[in-house]
Every structure is written in structure tokens, then in C-alpha cells.
Amino acid sequence: MAVFALAQNAVNSSAGVIGGSLDMNLALADLQTQLMAMEWYELLGLYLESAIVNLVMQAISVCVFIVVYGRMIEIYLTVSVAPIPFSTMANRERLIYKGGQANTPNILSANGSFATV
């Protein structure tokens, strides 16, 4: 909950900056005058720095998408397979898969919360 509270605090404190007005023409004109005052080697360094940051950001975005898709597939597989052992534990007469009742005491005793009977 502390992480969510911290994120909410950051969003609330940045609301004034985001909601404020920014004159893009003035900002771009100022940027253009600063770039015109630079020498060619300074511009080359700025270009290389921007290219490296762009490449790193693309690599990070690929990594984020891989992690997100992997987690979603993992959640889907867990949710789709989870009912099988639970459905067999409730029915003693028609056990198709006996792993539910046979392995439950062993699983719980491995966690230390239930003794094997």
C-alpha cells in the first residue's frame, strides 16, 4: 500500500505541472536558438547521446512487453489449470484424477501448516 500511496502523492504533486499551459512555439524557438549557437562537434555529441538514449528506451520497452506478456500467459495457464485438482478433491466416488486427495496432505505438510495423517 505504501507504493500506491507514494505513486498517488507523485501524481498529485505533478498535477499542477501537467495541467499548466505551455507555449510550444516559444519553447521551440528558444531550443532552435540554443541549437544554432552550438558548434558542429557539440551537435554531434548531442545527436549521439540522443541516439543512445533512444536505443536504450527501445530495448527497455521490448523487455517490458516480454515480461508483461509472459506474466499474462502465466496467469492464464494458472487459472485455466487450477480447477482440475480442486474439482477432484470434492468427489470421492468418481475420482478421475487422484492427485487432489492423495497429494493434499503431503503438500500441506511441506509448508509446515498441516501434519501428514
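The values are calculated or read from the model by the stated rules, or taken from the named source; none is laboratory data. None of the values given here were measured: they were computed from a predicted structure. Cβ coordinates were reconstructed from backbone atoms using ideal geometry, including for glycine residues, and neighbour counts include every protein chain displayed.
Points worth noting:
- A single member of VAL17, VAL3 is modelled with pLDDT of 80 or more and assigned to a helix (DSSP H, G or I), and it is VAL3.
- Meets criteria (at pLDDT below 90, aliphatic (A, V, I, L, M) and surrounded by 10 or more Cβ atoms within 10 Å (Cβ to Cβ)) for LEU35: yes
- Filter result for THR88 (β-branched (Val, Ile, Thr), modelled with pLDDT under 60 and surrounded by 10 or more Cβ atoms within 10 Å (Cβ to Cβ)): no
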